[in-house]
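The values are calculated or read from the model by the stated rules, or taken from the named source; none is laboratory data. Source: prediction; values computed, not measured. A quick note on method: Cβ atoms are made from the backbone with ideal geometry, for glycine too, and the neighbour counts reach across all protein chains shown. Each accessible area value is taken on the protein alone, full model and side chains, heavy atoms only, with ligands, DNA and RNA left out. Shrake-Rupley method; radii C 1.70, N 1.55, O 1.52, S 1.80 Å.
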Amino acid sequence: MEKKLYIETLGCAMNVRDSEHLIAELSKKYNYTLTDDIKQSDLIIINTCSVREKPVAKLFSELGVFAKIKKTEAKIGVCGCTASHLGSEIIKRAPFVDFVLGARNVSKISEALDTKHAVIIDTEHDESNYIFEEYRPNPYKAMVNISIGCDKSCAFCIVPVTRGEEISIPSNLIIAEVERSVQNGAKEVMLLGQNVNNYGRRFTNKSDIVNFTELLHAVSKIKGLERIRFTSPHPLHMDDAFLQEFASNPKICKQIHVPLQSGSTEILKAMKRGYTKEWFLDRCERIRTLAPNTTISTDIIVGFPGESEEDFEHTMDVLEKVRFDQLFSFVYSPRPHTLAAHFDNKVDNTTASRRLSELQARHTEILDKIMESQLGTTHKVYFDELKSNSKIAGRADDGKLVFVNGGEELLGEIKDVTITKTSRSLLHGEVLS
Ligand code: SF4
C-alpha cells in the first residue's frame, strides 16, 4: 500500500544528498511517496544540522509541533548530524520520536524504521561501497558523494564528531553513478565531500585513482557530461596541479568555494586550519590568474575566541583583496565536543554582531558592483528549472542564476545568453539564437 513521506532537510549539500538517499530507499523498499503535508504523512523525517546551536535548539520545538499535528499512527525519525551527537538523548527528551539515525548510517534506514526507539549513530560505519537506490528531484543535474566524513580537526567544527573520519568512495563507484545520472538526463554533476580535494589519501591500492585532480579528469571523460562542480575543497590542498586542472579543463565550471574562515593568520592557527593569510591570498590570486572569470565564494566566522580588532581587520583586508562573489558568514557558535568550546578569551556578542554587520555590509557593496558589471556580458547558461510568468531559470558556468523568457523547449539545454538586466541575486537575459 502506498504510504506518504514528509521529509525536512536542514544544513549542507551533504545532508541534501543524504535525504535523497533516504527518499530513494524508502520509496523503493517501502513504497513511500513524498508529500509536503505533515497531516497526511505516515512517516515524518527531519534531517538535522549541528553546525551552529540555533538549528539544534529549533529541533525540539519542531518535533513538538510534529507530534501535535501528525496522524496517530504516523512515525517520526530524526536523522543527520544532531542525531549523531545527541543520540538517545533525543528519545529521552522527546519519547514520541520513533528512531534516531545518524549521518553516515543512511543505508540503515530499514533497520531504524523497523525497530521502535532505534538509535543508530555509529560514526565508524563504512557505507562507502553501498549503492543507494536512485532518486533525483531535478533530472538535469546530479549531486554525487565522493567521500564521507572529515580527517581535519578545525577547532570550531563538530563535523568530524558527527560524520566521523574521512572515507573516500571508490572511484569506479563514483564514475558509475555519474554515468547513470547522465543516462537519466543530467548534463551537470556536483561532486560532494567535506574536503573534496583530500580525496583518495587513504587509498592503499595503487590501481585506484588516488587524488581529486585525477578524479576530476576521469569524470570529465564521461560522454554526455557537460559540466562538473564540486564542494567543499580545502584551501590547504589547493596545489598547483589541482588549480591547473581546474583552470584548463573546459568541463569544470569556473566557480569555486574557498572557505577562508578568518583572514588573520593568528586566528587561523587557533582554528587549526593549517594555512596562513598569505597562502590563502596566493591561491585566490593563482585561480584568478589561471582562470580570470572564476567566481570565488567563501565562509567566514567572526567573533572566534581571541579575535582582536586587528585580526578582524585582516579578515576585512582579504575581503577587499579577493572581492568574493558569494559570502556565507556567521558569528562563532560554540559546538559541543570541539576544542574551541573550551577556549577562554570569548568575544562578546555585541562586538561579534557588529563585526558581522560590518563584514556583510561591505560584501554587499562589492557584490552589487560585481552584478552591475554583468550588464551586456554573455554567459553559457544551463536551463533546468521552469519558473512562473513564462520564465525559465538556469546557472551560468560561473554559478550565477539567470532568468530568460522561455519554457519546456529550453529545459536541459545550454545556451548563450546576453544579460539585459541585473540585480543583487540574479540576472535577466535573452537567449542568443
Ligand atoms: S575541514 Fe574543518 S570545517 Fe570543514 S568539515 Fe572538516 S573539520 Fe569541519
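Kindly establish whether K68 is at pLDDT 95 or above, out of contact with any helix residue (DSSP H, G or I) (no Cβ under 9 Å at 6 or more places or on another chain) and of a type outside the set (A, V, I, L, M). Answer is yes for this residue. Of all the criteria given as (1) of a type in the set (S, T, Y); (2) open to solvent by less than 40 Å² (accessible area, probe 1.4 Å); (3) in a loop (DSSP other than H, G, I, E, B), the one not satisfied by S153 is (2). Taken residue by residue, the range 166-180 has at least one member that is of a type outside the set (F, W, Y), within 20 Å of the chain's Cα centre (by Cα), within 16 Å of the ligand (Cβ to nearest atom) and not in a loop (DSSP other than H, G, I, E, B). Residues in the range 156-170 include at least one that is in contact with a strand residue (DSSP E or B) (Cβ under 9 Å, 6 or more places away or on another chain), touching a residue at least 24 places away in the same chain (Cβ under 8 Å), farther than 30 Å from K269 by Cβ and surrounded by 16 or more Cβ atoms within 10 Å (Cβ to Cβ). Residues in the range 263-274 that are within 12 Å of the ligand (Cβ to nearest atom) and surrounded by 18 or more Cβ atoms within 10 Å (Cβ to Cβ): 3 in all.
So which residues in the range 181-196 are among the polar types (S, T, N, Q) and either assigned to a loop (DSSP other than H, G, I, E, B) or surrounded by 22 or more Cβ atoms within 10 Å (Cβ to Cβ) (or both), if there are any at all?
Within the range 181-196, the subset among the polar types (S, T, N, Q) is 181, 183-184, 194-195.
Once the filter is applied, which keeps residues that are among the polar types (S, T, N, Q) and either assigned to a loop (DSSP other than H, G, I, E, B) or surrounded by 22 or more Cβ atoms within 10 Å (Cβ to Cβ) (or both), the range 181-196 yields S181, N184, Q194, N195.
Scoring C150 on the criteria (1) away from the ligand (no atom under 16 Å from the Cβ); (2) under 19 Å from the mean Cα position of the chain (by Cα) leaves a single failure, condition (1).
I'd like the residue in the range 187-220 that is at pLDDT below 90 and of a type in the set (K, R) and, out of all such residues, is nearest to D126 (Cα to Cα). Write out each step before concluding.
Filtering the range 187-220 for residues at pLDDT below 90 gives 201-210.
Add one more test, that the residue is of a type in the set (K, R), and what stays is 201-202, 206.
Working: R201: 16, R202: 14, K206: 21 Å.
Among them, the one singled out is R202.
Limited to the range 339-370, what total is found for residues that are open to solvent by less than 60 Å² (accessible area, probe 1.4 Å) and part of a helix (DSSP H, G or I)? Explain how you work it out, then say what you get.
At the first step, the residues of the range 339-370 found to be open to solvent by less than 60 Å² (accessible area, probe 1.4 Å) are 340-341, 343, 347, 351-353, 355-356, 359, 361, 363-364, 366-368, 370.
So of that shortlist, the ones also part of a helix (DSSP H, G or I) come out as 340-341, 351-353, 355-356, 359, 361, 363-364, 366-368, 370.
Count: 15.
Looking across I169, I174, one residue alone is over 25 Å from F330 (Cα atoms), touching a Ser or Thr at 6+ places or on another chain (Cβ under 7 Å) and in the same structural domain as Y275 (by TED's automatic domain parsing). It is I169. Is the range 406-414 home to any residue that is farther than 21 Å from G185 by Cβ and of a type outside the set (F, W, Y)? Within the range 406-414, not a single residue is farther than 21 Å from G185 by Cβ and of a type outside the set (F, W, Y). Screening R104 with (1) in a helix (DSSP H, G or I); (2) buried (at least 18 other Cβ atoms within 10 Å of the Cβ); (3) touching a helix residue (DSSP H, G or I) at 6+ places or on another chain (Cβ under 7 Å) gives one miss only, at (1). Would you tally the residues in the range 134-146 being closer than 21 Å to I222 by Cα and either within 11 Å of the ligand (Cβ to nearest atom) or surrounded by fewer than 19 Cβ atoms within 10 Å (Cβ to Cβ) (or both)? Of the residues in the range 134-146, 5 are closer than 21 Å to I222 by Cα and either within 11 Å of the ligand (Cβ to nearest atom) or surrounded by fewer than 19 Cβ atoms within 10 Å (Cβ to Cβ) (or both).
Among all positions in the range 146-166, there is at least one residue which is modelled with pLDDT of 95 or more and more than 30 Å from H342 (Cα to Cα). Answer yes or no: is there a residue in the range 394-414 that is in contact with an Asp or Glu (Cβ under 6 Å, 6 or more places away or on another chain), open to solvent by less than 40 Å² (accessible area, probe 1.4 Å) and not in a helix (DSSP H, G or I). Yes, the range 394-414 contains at least one residue that is in contact with an Asp or Glu (Cβ under 6 Å, 6 or more places away or on another chain), open to solvent by less than 40 Å² (accessible area, probe 1.4 Å) and not in a helix (DSSP H, G or I).
Any residue in the range 226-247 that is in a helix (DSSP H, G or I), in contact with a Lys or Arg (Cβ under 6 Å, 6 or more places away or on another chain) and within 15 Å of C154 (Cα to Cα)? Write out each step before concluding.
Just the residues of the range 226-247 that are in a helix (DSSP H, G or I), to begin with: 235-237, 240-247.
Filter again for in contact with a Lys or Arg (Cβ under 6 Å, 6 or more places away or on another chain), leaving 235, 243.
Pick out the ones that are also within 15 Å of C154 (Cα to Cα) and you get 235.
Within the range 226-247, one or more residues are in a helix (DSSP H, G or I), in contact with a Lys or Arg (Cβ under 6 Å, 6 or more places away or on another chain) and within 15 Å of C154 (Cα to Cα).
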